[in-house]
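Read the structure below first, then the notes.
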Amino acid sequence: MHDYIVAAILLGLAGFILTEASRFPPPPPHAMASSATFPRVIAALLVFFVILLIIRTVRRRSSNLETSGIPLNVRGVIGIASTVVYLLVVRELGFVVSTTAILAIYAILLQKERLRFLDSVVVPLIMVTIVYLMLVLLRVSIPTGILF
Amino acid sequence: MIEGVAGALLTFANPQILLMLVAGVLVGAVFSAIPGLTSTLALALILPFTFAIEATAAFVFMIGLFGGGLYGGMLTAIALNIPGAPGSVATTFDGYPLYLKGQGGKAIGIATLSSVIGGMGSAIILTLAAVQLARIALRFGPPETFALTVFGMIAVVSICQDTVKGALCGLFGVFLGIMGVDLFGTFRFNFGMRELISGTPLLPTVVGMFAMVKVFQSINDTGKELKTGSLPKGASPSIARMQFPTPGEMKRLLGTFIRGTLIGTFIGFLPGAGGNIAAFTAYNVEKRISKTPDEFGRGSLEGLASAETANNAVPGGSLIPTITLGIPGDQFTAVLLGAFLIHGLPIGPLLFRDHQDVIYIIFLSTFLMNLVFIPIGFFASRPIVRVAATRNSILIPIIAAFSLTGMYAIATTVTNMGIGVFFGVVALFMHRYDYPVAPVILGLILSTLIEDSLVQSLIMSGGSVMIFVTRPISLLFVALSVLFAILPMLRRQGKQATNEMKQ
């Protein structure tokens, strides 16, 4: 099933490339190529290999060789969702606070049995201190936000 | 050439440069000793911070990382029977039995010496061969460059387990690379985003696809499998102090060292074939010609030495096409090509013509880094094996901290972090469904070169594609491309025929 989804996404991408390429300016006088030449080649090759992928997937499906399975579990979804939230709030909350929080969330998600204070709190704090000092040394301006 | 090497030697008189080399080897060794982590991941993490240092020092560090990454995997392979890196799998065959016999120190000594000899031998071959190859490559015009870069893409795709998926990933990477302003000044595929006007940013993409993906994968796989860096039940991270082999053993292993060096360098030269293939090939060759093949797998010194010599001879070989032609030998050199671009250096023959100072420093680093293995073997093998036992809940947040900070530091923008996280999620799905990541990065790196040389060739020929088959060097690369494209099909048919014969 997943190969069909990939095929659909890539066919969509090829369509997008061709549509966009049709809007590019025509080739300059005496030039045999334009901005659209190479993207069209890429789109054509994408369509060719997507067709190969579909044919092969159909064959494999008939011989029950296709693998299946859910790619993400609850932990994985929480991990990615937390990262997206982190990206949205890092400017507002500031680098230090938000990065400590996301590292602590990762550490908690990575512990299966009991939660360790060292892993969940101490290591994130130490790491944020290290990278903060590195950024200061490199003279990189850090989002300070409303907190720190 | 002699002046180039002499100039590079002067650079190494600077203690800071030497320190960068030692630090690179040490970091590479630690990363590759930890199962699940790789030196490519280390390179992706560190790349954004190399902006702050001079290009020379940065490349010395990165080359050290390459060598350390091949060396360090051997430590856990011997002490724990867990190969830290793919190239160390063959090391477990005889390294671990020696460890079980109480000869762990000797095993590390032989593996270290083999690594030093293999690495230095391949560095000499690199220096001699690259100079000659670069002279030829400097004569390349746009048609040769186009044929060469297309061959580079096909070569990397052809060694993917699934070539159709590999090709699609390569094309996806090329698409990412053609975003932004082109040769004609047209703005293409930037989705209205200001950040994409100059194309897909390479660094966040690399960090996302090699480092952030590790964070998401580890979280998703928590409790499912053996954790990264965790020890199997009953395994002990203790190891005896390194011992060098006796002069008699050295004499016995001389032929093994030479064969391993040649095999490793040659296999490293082939696109896509890394340390694991080199180590297995050298191991099998040594077993075939050995007078005592029964000892292989039970603690054979020849077995251990052949695998480690060949594994560490790979950098010299893989850097030959990487530096002279811009064709990477493996994942690490693919990202290293990106490092050249990031530091404002060209890739391919122009790098050799315009930046010989950097080239000779890279050659000398490839040679000297091997000497760093000796103090690491003596003093750091025990701590490194202990670090390999670090829990995921400590290790992964460290990787995440460097990834997020690195992506931000490149351009002090949160958008870059978003791009990296996006590609981290994309790579997570790619890994899950067996879509290779390396062709995406290579496509992204080579796309501009492919497109520019194609357009220039078409202008030269008045629109005829025959230009690619009427010039000898271009024709050679076209022929090689066809050969590499049909190779997977021939391999598959060969396998089918063998299976049918067995039945």
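For the range B:178-194, filtering for residues that are surrounded by 14 or more Cβ atoms within 10 Å (Cβ to Cβ) and in contact with a helix residue (DSSP H, G or I) (Cβ under 9 Å, 6 or more places away or on another chain) leaves 9. From the list B:Ala52, B:Ala33, B:Ala57, the one residue that fits, being of a type outside the set (D, E, K, R) and crowded, with 24+ Cβ neighbours inside 10 Å, is B:Ala33. Number of residues in the range B:399-415 that are hydroxyl-bearing (Ser, Thr, Tyr) and within 7 Å of chain A (Cβ to nearest Cβ) equals 2.
A single member of A:Ser68, A:Ser82 is modelled with pLDDT of 95 or more and more than 9 Å from chain B (Cβ to nearest Cβ), and it is A:Ser82. Looking only at residues of the range B:243-286 that are small (Gly, Ala, Ser) and surrounded by fewer than 16 Cβ atoms within 10 Å (Cβ to Cβ), we find that the one that is modelled with the lowest pLDDT is B:Gly248.
Please go through (1) more than 14 Å from every other protein chain (Cβ to nearest Cβ); (2) free of Cβ contacts under 8 Å to residues at least 60 places away in the same chain for B:Gly418 and return the number of the only condition it doesn't satisfy. Of (1) more than 14 Å from every other protein chain (Cβ to nearest Cβ); (2) free of Cβ contacts under 8 Å to residues at least 60 places away in the same chain, only one is false for B:Gly418: (1). How many residues does the range B:267-283 hold that are over 15 Å from B:Gly87 (Cβ atoms) and part of a helix (DSSP H, G or I)? Here the count works out to 1.
Once the range B:174-227 is narrowed to residues that are more than 11 Å from every other protein chain (Cβ to nearest Cβ) and among the hydroxyl-bearing types (Ser, Thr, Tyr), the residue that is farthest from B:Pro142 (Cα to Cα) is B:Thr205. Residue-level analysis places B:Leu148 among those that are crowded, with 21+ Cβ neighbours inside 10 Å, more than 19 Å from B:Gly73 (Cβ to Cβ) and among the aliphatic types (A, V, I, L, M).
Quick grid of which residues meet (1) buried (at least 24 other Cβ atoms within 10 Å of the Cβ); (2) modelled with pLDDT under 90; (3) not hydrophobic (A, V, I, L, M, F, W, C):
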site	(1), (2), (3)
B:Ile63	yes, no, no
B:Leu70	yes, yes, no
B:Pro83	yes, yes, yes
B:Tyr96	no, yes, yes
B:Val116	no, no, no
B:Ser122	yes, no, yes
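Among the residues of the range A:1-25, those identified as within 10 Å of chain B (Cβ to nearest Cβ) and not aliphatic (A, V, I, L, M) are A:His2, A:Asp3, A:Phe16, A:Glu20, A:Arg23, A:Phe24, A:Pro25. Quick check on the range B:371-394: of everything there that is at the interface with chain A (Cβ under 9 Å from one of its Cβ atoms) and surrounded by 20 or more Cβ atoms within 10 Å (Cβ to Cβ), which residue is nearest to B:Gly69 (Cα to Cα)? Once the filter is applied, the top-ranked residue is B:Asn392. Beta carbons closer than 6 Å, at least 6 apart along the sequence or on distinct chains, pair a first residue in the range B:328-341 that is more than 10 Å from B:Ile441 (Cα to Cα) with a second that is aromatic (Phe, Trp, Tyr) and buried (at least 24 other Cβ atoms within 10 Å of the Cβ) for B:Phe332/B:Phe66.
Out of the residues in the range B:284-314 that are hydroxyl-bearing (Ser, Thr, Tyr) and outside any helix (DSSP H, G or I), which is nearest to B:Ile63 (Cα to Cα)? Among residues in the range B:284-314 that are hydroxyl-bearing (Ser, Thr, Tyr) and outside any helix (DSSP H, G or I), the one nearest to B:Ile63 (Cα to Cα) is B:Ser300. Can you spot a residue in the range B:306-319 that is surrounded by fewer than 24 Cβ atoms within 10 Å (Cβ to Cβ), among the polar types (S, T, N, Q) and touching a Pro at 6+ places or on another chain (Cβ under 9 Å)? No, the range B:306-319 contains no residue that is surrounded by fewer than 24 Cβ atoms within 10 Å (Cβ to Cβ), among the polar types (S, T, N, Q) and touching a Pro at 6+ places or on another chain (Cβ under 9 Å). When A:Arg116, A:Arg91 are checked against the criterion of being more than 22 Å from the chain's Cα centre (by Cα) and either of a type in the set (D, E, K, R) or modelled with pLDDT of 95 or more (or both), A:Arg116 stands alone in meeting it. For the range A:117-148, name all the residues that are at the interface with chain B (Cβ under 7 Å from one of its Cβ atoms) and either farther than 14 Å from B:Tyr408 by Cβ or touching a Pro at 6+ places or on another chain (Cβ under 7 Å) (or both). Within the range A:117-148, A:Asp119, A:Val123, A:Pro124, A:Met127 meet the criteria. Among the residues of the range A:110-121, the ones that are assigned to a helix (DSSP H, G or I) and out of contact with any Lys or Arg (no Cβ under 9 Å at 6 or more places or on another chain) come to 4 in all.
Of the residues making up the range B:1-18, those that are among the hydrophobic types (A, V, I, L, M, F, W, C), closer than 11 Å to B:Ile361 by Cβ and part of a helix (DSSP H, G or I) are B:Val5, B:Ala8, B:Leu9, B:Leu10, B:Ile17. The set of residues in the range B:287-322 being at pLDDT 90 or above and over 20 Å from B:Gln103 (Cα atoms) consists of B:Ala310, B:Asn311, B:Asn312, B:Ala313. Could you tell me whether A:Arg59 is farther than 23 Å from B:Arg188 by Cα and more than 10 Å from chain B (Cβ to nearest Cβ)? Judged against the criteria, A:Arg59 is a match.
Considering the range B:400-503, the qualifying helices (runs of 4 or more DSSP H), each wholly inside and each with 2 or more residues that are within 17 Å of B:Gly338 (Cβ to Cβ) and polar (S, T, N, Q), run over B:438-461.
The values are calculated or read from the model by the stated rules, or taken from the named source; none is laboratory data. As the structure is a prediction and not an experimental result, all values here were calculated from the model. Cβ sites come from the backbone with ideal geometry, for glycine too, and all protein chains shown count toward neighbours.
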